[in-house]
Amino acid sequence: MSHEILITQLLYGGAGLLFFLLGVWSFISHEPLWRKLIALNIMGAGVFHVLVAVAYRGLDAPPDPVPHALVLTGIVVAVSATALALAFGRRLDREDSERTPEVQGVDDREDGTHV
Amino acid sequence: MTFMTLLSWLSVACILAGAFFFIAGTVGLMRLPDRLSRLHALTKADNVGLGLLTLGLLLEAPGLLIGLKLVLIWLFVLVASATGAHLIAKRALRADGEDAH
Amino acid sequence: MSLSEIHLAVALLLLATMSIGLIRVAIGPTPSDRLMAAQLLGTSGIGLLLVLIPVIRVPALIDVALVFSLLAAVAIVAFTRRRDGEDA
Amino acid sequence: MNPLLLGFDILLSTTLLGLALAALTSREPRRGVILFIAFGLLLALVWARLRAPDLALAEAAIGAGLAGALMLSAARRAARRRQ
(Lines give C-alpha, C1' and ligand atoms only; values in the text may rest on other atoms or scores of the structure.)
Protein backbone atom coordinates (compact mmCIF):
# COMPACT_ATOMS: atom_id res chain seq x y z
CA MET A 1 0.00 0.00 0.00
CA SER A 2 2.74 2.44 0.90
CA HIS A 3 4.45 1.41 -2.32
CA GLU A 4 1.39 2.56 -4.25
CA ILE A 5 1.30 5.90 -2.45
CA LEU A 6 4.98 6.46 -3.20
CA ILE A 7 4.47 5.81 -6.92
CA THR A 8 1.61 8.30 -7.09
CA GLN A 9 3.62 10.88 -5.18
CA LEU A 10 6.63 10.41 -7.44
CA LEU A 11 4.49 10.65 -10.59
CA TYR A 12 2.77 13.88 -9.66
CA GLY A 13 5.88 15.33 -8.04
CA GLY A 14 7.92 14.59 -11.14
CA ALA A 15 5.23 16.17 -13.31
CA GLY A 16 5.39 19.22 -11.03
CA LEU A 17 9.16 19.45 -11.44
CA LEU A 18 8.72 19.26 -15.21
CA PHE A 19 6.12 22.06 -15.11
CA PHE A 20 8.46 24.21 -13.07
CA LEU A 21 11.34 23.70 -15.52
CA LEU A 22 9.09 24.35 -18.52
CA GLY A 23 7.85 27.53 -16.87
CA VAL A 24 11.38 28.75 -16.12
CA TRP A 25 12.45 28.11 -19.70
CA SER A 26 9.45 29.95 -21.11
CA PHE A 27 9.78 32.79 -18.59
CA ILE A 28 13.34 33.62 -19.57
CA SER A 29 13.09 32.97 -23.30
CA HIS A 30 9.82 34.67 -24.28
CA GLU A 31 9.52 38.43 -24.41
CA PRO A 32 5.78 39.37 -24.33
CA LEU A 33 4.19 40.09 -20.97
CA TRP A 34 1.25 37.72 -21.42
CA ARG A 35 3.59 34.86 -22.27
CA LYS A 36 5.70 35.60 -19.19
CA LEU A 37 2.56 35.55 -17.05
CA ILE A 38 1.41 32.20 -18.43
CA ALA A 39 4.91 30.86 -17.75
CA LEU A 40 4.82 32.23 -14.19
CA ASN A 41 1.46 30.60 -13.52
CA ILE A 42 2.65 27.27 -14.89
CA MET A 43 5.75 27.50 -12.67
CA GLY A 44 3.41 28.01 -9.74
CA ALA A 45 1.34 25.03 -10.83
CA GLY A 46 4.50 22.91 -10.73
CA VAL A 47 5.26 23.98 -7.17
CA PHE A 48 1.66 23.26 -6.15
CA HIS A 49 1.96 19.82 -7.74
CA VAL A 50 4.96 18.98 -5.56
CA LEU A 51 3.25 20.23 -2.39
CA VAL A 52 -0.04 18.40 -3.00
CA ALA A 53 1.83 15.22 -3.97
CA VAL A 54 3.72 15.41 -0.66
CA ALA A 55 0.41 15.77 1.19
CA TYR A 56 -1.16 12.73 -0.51
CA ARG A 57 -1.62 9.72 1.79
CA GLY A 58 -3.44 7.22 -0.41
CA LEU A 59 -7.13 6.54 -0.88
CA ASP A 60 -7.73 5.34 2.67
CA ALA A 61 -6.20 8.09 4.79
CA PRO A 62 -7.02 11.80 4.73
CA PRO A 63 -4.24 13.95 3.22
CA ASP A 64 -1.99 16.27 5.23
CA PRO A 65 -3.83 19.61 5.61
CA VAL A 66 -0.79 21.88 6.04
CA PRO A 67 0.52 21.74 2.43
CA HIS A 68 -3.08 22.16 1.27
CA ALA A 69 -3.33 25.40 3.21
CA LEU A 70 -0.06 26.56 1.66
CA VAL A 71 -1.30 25.75 -1.84
CA LEU A 72 -4.63 27.48 -1.24
CA THR A 73 -2.77 30.64 -0.22
CA GLY A 74 -0.46 30.21 -3.18
CA ILE A 75 -3.33 30.07 -5.68
CA VAL A 76 -4.75 33.33 -4.37
CA VAL A 77 -1.34 35.00 -4.34
CA ALA A 78 -0.62 33.84 -7.89
CA VAL A 79 -3.84 35.42 -9.17
CA SER A 80 -3.10 38.65 -7.30
CA ALA A 81 0.41 38.77 -8.74
CA THR A 82 -0.98 38.21 -12.24
CA ALA A 83 -3.46 41.04 -11.82
CA LEU A 84 -0.76 43.36 -10.46
CA ALA A 85 1.58 42.54 -13.34
CA LEU A 86 -1.15 43.20 -15.89
CA ALA A 87 -1.96 46.54 -14.25
CA PHE A 88 1.73 47.50 -14.28
CA GLY A 89 2.02 46.48 -17.91
CA ARG A 90 -0.96 48.60 -18.88
CA ARG A 91 0.42 51.58 -16.96
CA LEU A 92 3.83 51.22 -18.62
CA ASP A 93 2.24 51.08 -22.06
CA ARG A 94 0.24 54.22 -21.39
CA GLU A 95 3.14 56.22 -20.00
CA ASP A 96 5.35 55.19 -22.87
CA SER A 97 2.84 56.28 -25.48
CA GLU A 98 2.23 59.55 -23.62
CA ARG A 99 5.92 60.37 -23.45
CA THR A 100 6.77 59.60 -27.06
CA PRO A 101 3.64 59.99 -29.16
CA GLU A 102 5.51 60.68 -32.39
CA VAL A 103 7.51 57.47 -32.47
CA GLN A 104 4.58 55.28 -31.58
CA GLY A 105 4.33 52.54 -34.13
CA VAL A 106 8.06 52.67 -34.80
CA ASP A 107 9.43 51.14 -31.66
CA ASP A 108 6.33 49.07 -30.97
CA ARG A 109 7.17 45.45 -30.91
CA GLU A 110 4.72 43.15 -32.53
CA ASP A 111 3.22 42.03 -29.26
CA GLY A 112 2.45 45.24 -27.43
CA THR A 113 5.62 45.67 -25.43
CA HIS A 114 8.11 48.46 -25.94
CA VAL A 115 11.84 48.51 -26.36
CA MET B 1 -31.39 -7.63 -1.83
CA THR B 2 -32.31 -8.53 -5.38
CA PHE B 3 -33.87 -5.13 -5.79
CA MET B 4 -30.62 -3.52 -4.69
CA THR B 5 -28.56 -5.58 -7.11
CA LEU B 6 -31.04 -4.85 -9.89
CA LEU B 7 -30.76 -1.17 -9.13
CA SER B 8 -26.96 -1.28 -9.17
CA TRP B 9 -26.96 -3.21 -12.46
CA LEU B 10 -29.30 -0.59 -13.93
CA SER B 11 -26.96 2.11 -12.65
CA VAL B 12 -23.95 0.45 -14.26
CA ALA B 13 -25.86 0.09 -17.53
CA CYS B 14 -26.76 3.79 -17.50
CA ILE B 15 -23.16 4.81 -16.76
CA LEU B 16 -21.81 2.62 -19.55
CA ALA B 17 -24.39 4.01 -21.99
CA GLY B 18 -23.32 7.51 -20.96
CA ALA B 19 -19.69 6.63 -21.59
CA PHE B 20 -20.69 5.36 -25.04
CA PHE B 21 -22.29 8.70 -25.88
CA PHE B 22 -19.14 10.51 -24.70
CA ILE B 23 -17.09 8.33 -27.06
CA ALA B 24 -19.51 9.07 -29.88
CA GLY B 25 -19.20 12.78 -29.21
CA THR B 26 -15.41 12.65 -29.31
CA VAL B 27 -15.39 10.59 -32.51
CA GLY B 28 -17.67 13.21 -34.03
CA LEU B 29 -15.40 15.98 -32.81
CA MET B 30 -12.40 14.37 -34.45
CA ARG B 31 -13.92 13.09 -37.68
CA LEU B 32 -16.68 15.45 -38.83
CA PRO B 33 -15.64 17.71 -41.70
CA ASP B 34 -16.76 21.22 -40.74
CA ARG B 35 -16.90 23.18 -37.54
CA LEU B 36 -20.66 23.44 -37.19
CA SER B 37 -21.00 19.66 -37.41
CA ARG B 38 -18.25 19.32 -34.85
CA LEU B 39 -20.02 21.76 -32.57
CA HIS B 40 -23.20 19.75 -32.99
CA ALA B 41 -21.45 16.49 -32.08
CA LEU B 42 -19.77 18.03 -29.06
CA THR B 43 -22.77 19.77 -27.56
CA LYS B 44 -25.46 17.17 -28.23
CA ALA B 45 -23.77 13.82 -27.71
CA ASP B 46 -21.86 14.91 -24.63
CA ASN B 47 -24.98 16.25 -22.98
CA VAL B 48 -26.87 13.02 -23.54
CA GLY B 49 -23.85 11.17 -22.15
CA LEU B 50 -23.74 13.36 -19.08
CA GLY B 51 -27.49 12.93 -18.61
CA LEU B 52 -27.22 9.15 -18.67
CA LEU B 53 -24.22 9.31 -16.33
CA THR B 54 -26.15 11.50 -13.91
CA LEU B 55 -29.11 9.13 -14.08
CA GLY B 56 -26.84 6.19 -13.32
CA LEU B 57 -25.31 7.93 -10.31
CA LEU B 58 -28.75 9.15 -9.22
CA LEU B 59 -29.93 5.53 -8.88
CA GLU B 60 -27.19 5.02 -6.30
CA ALA B 61 -27.34 8.41 -4.63
CA PRO B 62 -26.97 8.08 -0.85
CA GLY B 63 -29.22 11.00 0.03
CA LEU B 64 -31.79 13.44 -1.24
CA LEU B 65 -29.39 16.39 -1.23
CA ILE B 66 -26.84 14.53 -3.36
CA GLY B 67 -29.56 13.57 -5.84
CA LEU B 68 -30.78 17.15 -5.99
CA LYS B 69 -27.25 18.38 -6.67
CA LEU B 70 -26.80 15.83 -9.45
CA VAL B 71 -29.99 16.97 -11.19
CA LEU B 72 -28.99 20.60 -10.68
CA ILE B 73 -25.57 19.96 -12.24
CA TRP B 74 -27.14 18.41 -15.31
CA LEU B 75 -29.59 21.30 -15.71
CA PHE B 76 -26.77 23.85 -15.41
CA VAL B 77 -24.74 21.99 -18.01
CA LEU B 78 -27.71 21.92 -20.36
CA VAL B 79 -28.21 25.66 -20.05
CA ALA B 80 -24.48 26.35 -20.45
CA SER B 81 -24.24 24.04 -23.42
CA ALA B 82 -27.20 25.53 -25.27
CA THR B 83 -25.93 29.05 -24.67
CA GLY B 84 -22.38 28.15 -25.60
CA ALA B 85 -23.34 26.33 -28.78
CA HIS B 86 -25.46 29.28 -29.86
CA LEU B 87 -22.70 31.81 -29.15
CA ILE B 88 -19.98 29.79 -30.88
CA ALA B 89 -22.15 29.14 -33.92
CA LYS B 90 -23.11 32.80 -34.18
CA ARG B 91 -19.50 33.83 -33.98
CA ALA B 92 -18.49 31.24 -36.56
CA LEU B 93 -21.22 32.32 -38.97
CA ARG B 94 -20.39 36.03 -38.72
CA ALA B 95 -16.73 35.14 -39.40
CA ASP B 96 -15.24 38.20 -37.77
CA GLY B 97 -11.54 38.64 -38.24
CA GLU B 98 -10.47 38.87 -34.62
CA ASP B 99 -8.55 35.63 -34.58
CA ALA B 100 -8.62 34.59 -38.18
CA HIS B 101 -4.87 34.30 -38.39
CA MET C 1 -15.61 -3.47 -4.89
CA SER C 2 -16.11 -4.32 -8.53
CA LEU C 3 -18.59 -1.46 -8.82
CA SER C 4 -15.84 1.00 -7.96
CA GLU C 5 -13.64 -0.67 -10.58
CA ILE C 6 -16.31 -0.01 -13.19
CA HIS C 7 -16.46 3.62 -12.13
CA LEU C 8 -12.68 3.89 -12.41
CA ALA C 9 -12.73 2.31 -15.88
CA VAL C 10 -15.39 4.78 -17.01
CA ALA C 11 -13.33 7.63 -15.53
CA LEU C 12 -10.29 6.47 -17.50
CA LEU C 13 -12.42 6.29 -20.65
CA LEU C 14 -13.80 9.79 -20.12
CA LEU C 15 -10.29 11.12 -19.55
CA ALA C 16 -9.15 9.48 -22.78
CA THR C 17 -12.00 11.03 -24.78
CA MET C 18 -11.27 14.38 -23.18
CA SER C 19 -7.56 14.18 -24.07
CA ILE C 20 -8.36 13.29 -27.66
CA GLY C 21 -10.86 16.13 -27.84
CA LEU C 22 -8.24 18.51 -26.45
CA ILE C 23 -5.94 17.56 -29.33
CA ARG C 24 -8.64 18.78 -31.71
CA VAL C 25 -8.99 21.92 -29.65
CA ALA C 26 -5.25 22.61 -29.69
CA ILE C 27 -4.65 21.97 -33.38
CA GLY C 28 -8.15 22.95 -34.53
CA PRO C 29 -8.06 24.41 -38.01
CA THR C 30 -10.57 27.17 -37.21
CA PRO C 31 -10.77 29.46 -34.16
CA SER C 32 -14.24 28.08 -33.43
CA ASP C 33 -12.68 24.71 -32.64
CA ARG C 34 -10.62 26.38 -29.98
CA LEU C 35 -13.65 27.99 -28.39
CA MET C 36 -15.11 24.54 -27.87
CA ALA C 37 -12.40 23.87 -25.26
CA ALA C 38 -14.52 25.20 -22.42
CA GLN C 39 -17.53 23.28 -23.66
CA LEU C 40 -15.56 20.03 -23.85
CA LEU C 41 -13.91 20.49 -20.47
CA GLY C 42 -17.25 21.46 -18.99
CA THR C 43 -19.17 18.35 -19.94
CA SER C 44 -16.37 15.76 -19.88
CA GLY C 45 -14.75 17.23 -16.80
CA ILE C 46 -18.01 17.23 -14.86
CA GLY C 47 -18.70 13.64 -15.91
CA LEU C 48 -15.18 12.72 -14.83
CA LEU C 49 -15.59 14.38 -11.43
CA LEU C 50 -18.94 12.68 -10.83
CA VAL C 51 -17.60 9.25 -11.73
CA LEU C 52 -14.49 9.84 -9.62
CA ILE C 53 -16.51 10.33 -6.41
CA PRO C 54 -16.91 6.60 -5.55
CA VAL C 55 -13.32 5.88 -6.64
CA ILE C 56 -11.54 8.59 -4.67
CA ARG C 57 -14.10 8.47 -1.84
CA VAL C 58 -14.37 12.25 -1.49
CA PRO C 59 -18.07 13.21 -1.44
CA ALA C 60 -17.25 16.93 -1.59
CA LEU C 61 -16.28 16.54 -5.25
CA ILE C 62 -19.94 17.03 -6.16
CA ASP C 63 -19.62 20.69 -5.12
CA VAL C 64 -16.58 21.01 -7.37
CA ALA C 65 -18.69 19.61 -10.20
CA LEU C 66 -21.39 22.18 -9.42
CA VAL C 67 -18.85 25.01 -9.64
CA PHE C 68 -17.53 23.57 -12.91
CA SER C 69 -21.02 23.57 -14.40
CA LEU C 70 -21.53 27.21 -13.47
CA LEU C 71 -18.07 28.20 -14.68
CA ALA C 72 -18.46 26.56 -18.09
CA ALA C 73 -21.17 29.04 -19.08
CA VAL C 74 -19.10 31.99 -17.87
CA ALA C 75 -16.01 30.80 -19.73
CA ILE C 76 -17.89 30.36 -23.00
CA VAL C 77 -19.39 33.84 -22.75
CA ALA C 78 -15.96 35.30 -21.93
CA PHE C 79 -14.38 33.54 -24.90
CA THR C 80 -16.97 34.63 -27.43
CA ARG C 81 -17.21 38.25 -26.31
CA ARG C 82 -16.28 40.78 -28.92
CA ARG C 83 -14.02 43.78 -28.69
CA ASP C 84 -15.51 47.16 -27.86
CA GLY C 85 -14.88 48.93 -31.13
CA GLU C 86 -16.04 46.05 -33.25
CA ASP C 87 -19.47 46.09 -34.84
CA ALA C 88 -21.96 43.35 -33.94
CA MET D 1 -0.97 -1.52 -7.41
CA ASN D 2 -4.14 -0.76 -9.25
CA PRO D 3 -3.22 -0.63 -12.96
CA LEU D 4 -6.33 1.36 -13.90
CA LEU D 5 -5.54 4.06 -11.36
CA LEU D 6 -1.92 4.19 -12.52
CA GLY D 7 -3.11 4.53 -16.11
CA PHE D 8 -5.45 7.31 -15.05
CA ASP D 9 -2.60 9.16 -13.32
CA ILE D 10 -0.25 8.79 -16.28
CA LEU D 11 -2.86 9.89 -18.82
CA LEU D 12 -3.85 12.89 -16.69
CA SER D 13 -0.23 14.00 -16.24
CA THR D 14 0.55 13.53 -19.93
CA THR D 15 -2.48 15.53 -21.04
CA LEU D 16 -1.62 18.30 -18.62
CA LEU D 17 1.98 18.35 -19.85
CA GLY D 18 0.88 18.53 -23.47
CA LEU D 19 -1.51 21.36 -22.67
CA ALA D 20 1.23 23.28 -20.83
CA LEU D 21 3.60 22.86 -23.77
CA ALA D 22 0.93 24.01 -26.22
CA ALA D 23 0.10 27.04 -24.06
CA LEU D 24 3.75 28.00 -23.58
CA THR D 25 4.71 27.70 -27.24
CA SER D 26 1.72 29.45 -28.82
CA ARG D 27 2.36 32.80 -30.46
CA GLU D 28 -1.18 34.12 -30.75
CA PRO D 29 -2.38 35.68 -27.49
CA ARG D 30 -5.94 34.38 -27.63
CA ARG D 31 -4.87 30.84 -28.42
CA GLY D 32 -2.35 30.82 -25.60
CA VAL D 33 -4.80 32.17 -23.06
CA ILE D 34 -7.56 29.73 -24.03
CA LEU D 35 -5.10 26.86 -23.72
CA PHE D 36 -4.02 28.24 -20.36
CA ILE D 37 -7.62 28.28 -19.13
CA ALA D 38 -8.01 24.68 -20.28
CA PHE D 39 -4.81 23.93 -18.35
CA GLY D 40 -6.30 25.47 -15.22
CA LEU D 41 -9.51 23.43 -15.50
CA LEU D 42 -7.51 20.23 -15.94
CA LEU D 43 -5.35 21.23 -12.96
CA ALA D 44 -8.54 21.28 -10.88
CA LEU D 45 -9.09 17.67 -11.94
CA VAL D 46 -5.59 16.82 -10.66
CA TRP D 47 -6.39 18.35 -7.26
CA ALA D 48 -9.64 16.35 -7.22
CA ARG D 49 -7.66 13.19 -7.97
CA LEU D 50 -5.22 13.91 -5.14
CA ARG D 51 -8.15 14.21 -2.71
CA ALA D 52 -8.08 17.97 -2.27
CA PRO D 53 -11.59 19.21 -3.17
CA ASP D 54 -10.97 22.59 -1.55
CA LEU D 55 -8.04 23.21 -3.86
CA ALA D 56 -10.08 22.03 -6.84
CA LEU D 57 -12.80 24.55 -5.97
CA ALA D 58 -10.29 27.38 -5.56
CA GLU D 59 -8.44 26.47 -8.75
CA ALA D 60 -11.59 26.26 -10.85
CA ALA D 61 -13.10 29.48 -9.55
CA ILE D 62 -10.01 31.65 -8.98
CA GLY D 63 -7.26 30.08 -11.07
CA ALA D 64 -9.17 29.29 -14.23
CA GLY D 65 -12.08 31.71 -13.90
CA LEU D 66 -10.62 34.94 -12.56
CA ALA D 67 -7.10 34.63 -13.95
CA GLY D 68 -8.57 33.51 -17.28
CA ALA D 69 -10.82 36.55 -17.52
CA LEU D 70 -7.92 38.86 -16.58
CA MET D 71 -5.60 37.34 -19.15
CA LEU D 72 -8.28 37.30 -21.85
CA SER D 73 -8.58 41.07 -21.53
CA ALA D 74 -4.78 41.36 -21.70
CA ALA D 75 -4.69 39.09 -24.75
CA ARG D 76 -7.35 41.21 -26.43
CA ARG D 77 -5.21 44.29 -25.87
CA ALA D 78 -2.06 42.55 -27.12
CA ALA D 79 -3.86 41.35 -30.25
CA ARG D 80 -5.13 44.85 -30.95
CA ARG D 81 -1.64 46.30 -30.69
CA ARG D 82 -0.24 43.65 -32.99
CA GLN D 83 -2.45 44.72 -35.86
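The values are calculated or read from the model by the stated rules, or taken from the named source; none is laboratory data. Just so we're clear, the structure is a prediction, and the values are computed from it rather than from any experiment. Because the Cβ atoms are built from the backbone with ideal geometry, glycine has one as well, and the counts that use them run over all protein chains shown. Heavy atoms of the whole protein, side chains included, go into the accessibility calculation; ligands, DNA and RNA do not. Shrake-Rupley method; radii C 1.70, N 1.55, O 1.52, S 1.80 Å.
What the table shows:
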| read-out | value |
| --- | --- |
| A:Leu6 paired with D:Ile10, simple spin-label distance in nm, labels 7 Å along Cα-to-beta-carbon | 1.9 |
| With every protein chain in place, chain D: carbon and sulfur % of accessible area (1.4 Å) | 66 |
| Segment B:8-83 versus segment A:64-84: alpha-carbon centroid distance in Å | 33 |
| Normalised alpha carbon radius of gyration of chain D [divisor 2.2 N^0.38 Å] | 1.27 |
| Peptide ranges D:48-59, A:72-83 listed from the most packed, as the mean C-beta count within 10 angstrom indicates | D:48-59, A:72-83 |
| Packing rank of A:14-27, B:5-18, D:65-78, where each peptide gets the mean count of other beta carbons within 10 Å, highest leading | D:65-78, A:14-27, B:5-18 |
| Kyte-Doolittle mean at least 0.5 and Cα axial length at least 27 Å: DSSP H helices in chain B | B:2-31, B:64-94 |
| Residues of chain D: accessible area per residue with a 1.4 Å probe, Å² | 29 |
| Ratio Rg/Rh, restricted to chain A and using Cα atoms, in which Rh is the Kirkwood radius | 1.19 |
| Radius ratio Rg over Rh of chain C, counting only Cα atoms, Kirkwood formula for Rh | 1.10 |
| Cα-projected label distance for C:Ile23 with B:Leu72, points at 7 Å along beta-carbon direction, nm | 3.8 |
| For segment B:15-34, residues shielded by at least 20 square angstrom of accessible area compared with the chain on its own, probe 1.4 Å | B:Ile15, B:Leu16, B:Ala19, B:Phe22, B:Ile23, B:Thr26, B:Leu29, B:Met30 |
| Rule-of-thumb Rg ratio for the protein assembly as shown [Cα; 2.2 N^0.38 Å; N residues] | 1.00 |
| Kyte-Doolittle at least 1.0, axis length at least 15 Å by Cα - qualifying DSSP helices, chain A | A:2-29, A:33-55 |
| Accessible area that becomes buried as C packs against D, both chains, 1.4 Å probe, Å², nearest 100 | 3100 |
| Accessible surface of segment A:2-99, 1.4 Å probe, proportion on carbon and sulfur as whole % | 72 |
| Neighbouring partner chain Cβ atoms per residue of C:4-16, average, 10 Å criterion | 6 |
| Spatial extent of chain B: Rg and Dmax, with the Cα atoms as the point set, Å | 17.3, 62 |
| Shielding by partners, peptide B:2-10 (average Cβ within 10 angstrom, other chains) | 0 |
